[in-house]
1. How many residues does region 107-122 hold that are among the basic types (Lys, Arg), touching a helix residue (DSSP H, G or I) at 6+ places or on another chain (Cβ under 9 Å) and over 9 Å from residue 96 (Cβ atoms)?
2. Can you name every residue in region 142-161 that is among the aliphatic types (A, V, I, L, M) and under 30 Å from the mean Cα position of the chain (by Cα)?
3. Tell me, which helices (runs of 4 or more DSSP H) wholly within region 215-313 include 3 or more residues that are under 21 Å from residue 383 (Cα atoms), in contact (Cβ under 8 Å) with a residue 24 or more places away in the chain and not small (Gly, Ala, Ser)?
4. Hey, could you check region 467-495 for residues that are assigned to a helix (DSSP H, G or I) and surrounded by fewer than 18 Cβ atoms within 10 Å (Cβ to Cβ) and say which is nearest to the chain's Cα centre (by Cα)?
5. I need a count of the residues in region 391-427 that are surrounded by 14 or more Cβ atoms within 10 Å (Cβ to Cβ), among the charged types (D, E, K, R) and touching a helix residue (DSSP H, G or I) at 6+ places or on another chain (Cβ under 8 Å).
Amino acid sequence: MKKTVNKFSWKIGGEAGDGILNAGLMLFAKSCLRGGLYVFATAEYPSLIRGGHNNLDLRIEDKDIFSHVKQVDMLVALNKETVDKHSHKLVSGSGIIYDGDELKLDKNQFDVDVKLYPIPLMKFANECGGKIMRNTVALGGTIALLDFDLELMSSVIRDHFGAKKGTLVAEQNIKAAKLGYDYIKNNFPDDFAFKMERLENKGRMFMSGNEAISTGAVKAGCKFFAAYPMTPASSILSTLAAQEKNYNIVVKHTEDEIAAINMAIGASFAGARAMTATSGGGFALMTEGLGLAAQTETPLVVVEAQRPGPATGMATHSGQGDLRFVLHASTDEFPRIVMAPGDVEECFHLTIDAFNLADKYQMPVIILTDKYLGESYKTVDGLASKTSIDRGDIATEEELSTGGYKRYKITESGVSPRSIPGQRNGMFVASSYEHDEEGYEREEEEVRIVMHDKRYRKFQHAAKEVSSRSVKIHGNGTADFSIISWGSPKGPILEAMKMLEKEGINVNYIQVVYLSPFPEARIKELMKKFRTIVVENNKTSQLSGLIKEHTGLDTDYKILKYDGRPFSPEDIYSGVKNIILDNNVKRLVFSREGVVEELTEKEVQTSDD
């Protein structure tokens with residue numbers, strides 16, 4: 001039979017504690033990576049310490065890929081719930097690996113032609129150390145069905161478990177994988193429709209967005225990081241803590257988010273490059289501190305990793321509902337830079353930009369991500385950076401020797417030379433109050449106006465600097481329609497564009513990278529050239545409102561999703577296709593229920609689940 005080679009999607013599901021992430025990310029994904037293939041992985045899990053349904057999607061190809069897909073070619077079901085929840089995603093010719101001793105399946109219960117591969121997972125697992133080994137047995141079975149290299153996986157197991165837990169655990173896992181592999185080879189014909197072949201290993205990396213942010217911070221010279229763990233930003237804390245000694249970084253696990261931002265401000269005030277990270281609920285606690293950084297003109301980098309709210313909301317899921325929040329957080333109005341990376345590579349490069357801009361313009365810089373971007377893993381060819389380090393205008397000893405130092409000196413650019421504590425003649429007053437050039441508290445009208453204008457002049461200069469990189473255009477620029485979006489939908493959009501192109505439908509993609517300062521001139525120019533389709537993971541299309549606010553223009557169409565799950569390429573593909581082929585469709589909302597109602601603006605719902 002003719003097989004599909006090096007184009008495969010795999011899903012594993014079970015309870016928390018079944019080793020879902022370990023099996024998929026640490027073993028299978030890294031085996032594929034070592035075999036020269038590209039991998040994208042994303043997981044879903046409940047906000048529970050133990051129990052609840054966990055699942056991981058792995059997509060593998062021989063060329064660069066940008067997101068997960070809906071379809072599943074192989075489902076590894078460690079319990080019945082996995083079959084119940086995900087079997088509808090299986091395609092014709094796909095397969096299910098499951099424990100035949102504990103779960104009885106019939107091919108007739110599925111809507112498509114599915115091949116069943118019962119393996120005595122628990123029996124083999126008990127021979128190798130216990131229940132937790134079921135995942136590794138299933139991985140061995142997967143490798144056998146794909147006719148892939150078992151020794152490649154064995155080498156990954158040795159590297160992973162040998163260094164972590166010792167030779168015994170590594171050999172137990174290798175034995176478990178071999179039992180699953182041999183069982184498939186001995187009991188089932190070679191009739192699976194998918195195959196994986198090893199390619200040249202070019203030394204690519206496999207990283208999450210949070211790991212890329214952490215790496216960018218190290219590259220930028222971050223020397224202080226403080227945070228209280230909050231999903232989905234927590235792995236930034238753990239990643240940097242693991243590198244604390246290697247790169248001479250002070251990493252503080254604080255008692256709460258208020259302490260985290262205040263410590264970061266203090267470290268930055270003292271001259272260190274500093275960062276904090278949290279999600280929406282933690283950022284709510286940080287807002288007073290954000291205003292302090294703005295008032296004292298102290299450089300600060302904040303990562304805000306979004307999840308659905310309000311309040312605790314859906315703690316381990318994804319969304320893009322905090323855009324307006326971060327743009328206006330804290331009292332009154334003050335400039336802040338807000339950037340939204342769309343993929344792992346941008347997480348790295350924009351983090352370096354964030355530190356440079358924070359220092360140069362002495363203001364808060366917010367990196368806006370979400371669970372999908374921060375916790376999904378992607379094959380990366382490289383993260384080489386030629387970005388230089390710009391610490392901004394720091395007063396020299398010679399400049400300070402003349403006396404009369406004014407920390408908040410009125411300048412044409414709005415940027416005043418800052419001194420670092422300990423510099424001779426660099427003493428000044430800093431408080432949360434409005435102040436004059438020396439930092440002394442003042443409430444006169446003219447002082448307030450002058451200082452407020454000064455802070456905003458910095459913003460005007462920052463806007464000019466980032467204008468050339470505020471927007472990215474993907475596509476050939478000749479299509480009538482352009483998708484416009486920000487942040488993590490980038491990957492699914494790029495994949496959807498490839499799907500549309502196969503059907504002769506070409507669209508452009510306008511990626512807004514800097515949301516503050518907003519690139520109003522560039523967006524206005526592009527919106528006059530194209531009919532626009534906004535794609536966002538929120539209900540109210542916050543980007544559409546931001547565009548209207550800054551340009552006075554209305555976007556033409558909206559594709560929205562706010563069920564706590566990221567867009568799939570299929571969502572965007574079908575949405576764009578419906579819009580282009582049906583002029584009555586104005587707004588599509590994606591969830592799991594099908595068409596729920598038809599109004600003047602059709603609301604169509606589909607789902608990943």
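The values are calculated or read from the model by the stated rules, or taken from the named source; none is laboratory data. Everything numeric in this text was worked out from a predicted model, so none of it was measured. Ideal geometry is used to build each Cβ from the backbone, glycine not excepted, and the neighbour counts take in all protein chains shown.
1. Just the residues of region 107-122 that are among the basic types (Lys, Arg), to begin with: 107, 115.
If we keep only those that are touching a helix residue (DSSP H, G or I) at 6+ places or on another chain (Cβ under 9 Å) too, we end up with 115.
Those left that are additionally over 9 Å from residue 96 (Cβ atoms): none.
Going through region 107-122 one residue at a time, the tally reaches 0.
2. If the condition is that a residue be among the aliphatic types (A, V, I, L, M) and under 30 Å from the mean Cα position of the chain (by Cα), then 143, 146, 152, 153, 156, 157 are the ones that fit.
3. 234-242
4. Narrowing region 467-495 to residues assigned to a helix (DSSP H, G or I): 467-469, 490-495.
Adding the requirement that they be surrounded by fewer than 18 Cβ atoms within 10 Å (Cβ to Cβ) leaves 467-469.
Details: 467: 23, 468: 23, 469: 20 Å.
Checked region 467-495; the qualifying residue nearest to the chain's Cα centre (by Cα) is 469.
5. 2
Listed here are the residues, each with its yes/no results for (1) under 25 Å from the mean Cα position of the chain (by Cα); (2) in the same structural domain as residue 343 (by TED's automatic domain parsing); (3) at pLDDT below 95.
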position: 37; (1), (2), (3): yes, no, no
position: 69; (1), (2), (3): yes, no, no
position: 77; (1), (2), (3): no, no, no
position: 95; (1), (2), (3): no, no, no
position: 117; (1), (2), (3): no, no, no
position: 132; (1), (2), (3): no, no, yes
position: 136; (1), (2), (3): no, no, no
